[in-house]
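Where a number appears in this text, it was derived from the coordinates with a stated rule and is not lab data. Note that the structure is predicted; figures quoted are calculated from it, not measured. Every residue, glycine among them, receives a Cβ derived from its backbone with ideal geometry; neighbour counts consider all protein chains shown.
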Amino acid sequence: PNPFNASTVIRYRIPWESHVRLIVYDILGNELQVIVNEVQRSGYKSIMWDAVLMPSGIYFYRLSASSIADNTEYFDEVRKLLLVK
């Protein structure tokens with residue numbers, strides 16, 4: 001859910017086996033936490049971000065995936081998160 005309180009689940013789909021990175025940033029673009037940094041098989045995924053120690057505010061996450069089999073397949077997306085306590 002967005003806005004969320006304390007924690008949220010980020011859901012995504014990987015169309016091919018990929019090296020996946022999911023990183024959370026603050027409003028100034030500072031990297032706060034690397035949530036995922038691994039090779040994942042294709043399919044639907046979900047990961048929980050525990051933000052209980054973070055102050056209320058706007059955050060962003062960046063999801064990047066690059067295909068293991070074919071380096072020409074690449075996905076990059078940024079989404080906004082609103083933490084309200």
Query raised in the report: Magnitude of the Cβ-charge dipole of the range 7-83, K/R +1 and D/E -1, about the Cα centre, nearest 20 debye?
Result: 260 debye
Report summary line: A correct Karplus calculation of ³J(HN,Hα) over the range 35-44, with 6.51 cos²θ - 1.76 cosθ + 1.60, θ = phi - 60°, whole Hz and x for Gly and Pro, returns 8, 10, 7, 7, 7, 10, 6, 5, x, 7
Query raised in the report: According to a simple spin-label model (label point 7 Å from Cα along Cα-to-Cβ), what is the distance in nm between Ser7 and Tyr44?
Result: 2.0 nm
Requested in this report: Out of all DSSP beta bridges with both ends in the chain, state the antiparallel percent to the nearest 5.
Outcome: 95 percent
Query raised in the report: For the range 4-60, what is the per residue volume of the convex hull drawn over the alpha-carbon atoms, in cubic angstrom?
Result: 81 Å³
Report summary line: The FRET efficiency for Phe60 and Arg21, from their Cβ-Cβ distance with R0 = 22 Å and rounded to 0.05, is 0.95
Report summary line: Along the range 5-16, Karplus-curve 3J(HN,Hα) (6.51, -1.76, 1.60; θ = phi - 60°) to the nearest Hz, with x for Gly and Pro, reads 10, 6, 8, 8, 9, 9, 10, 7, 10, 10, x, 8
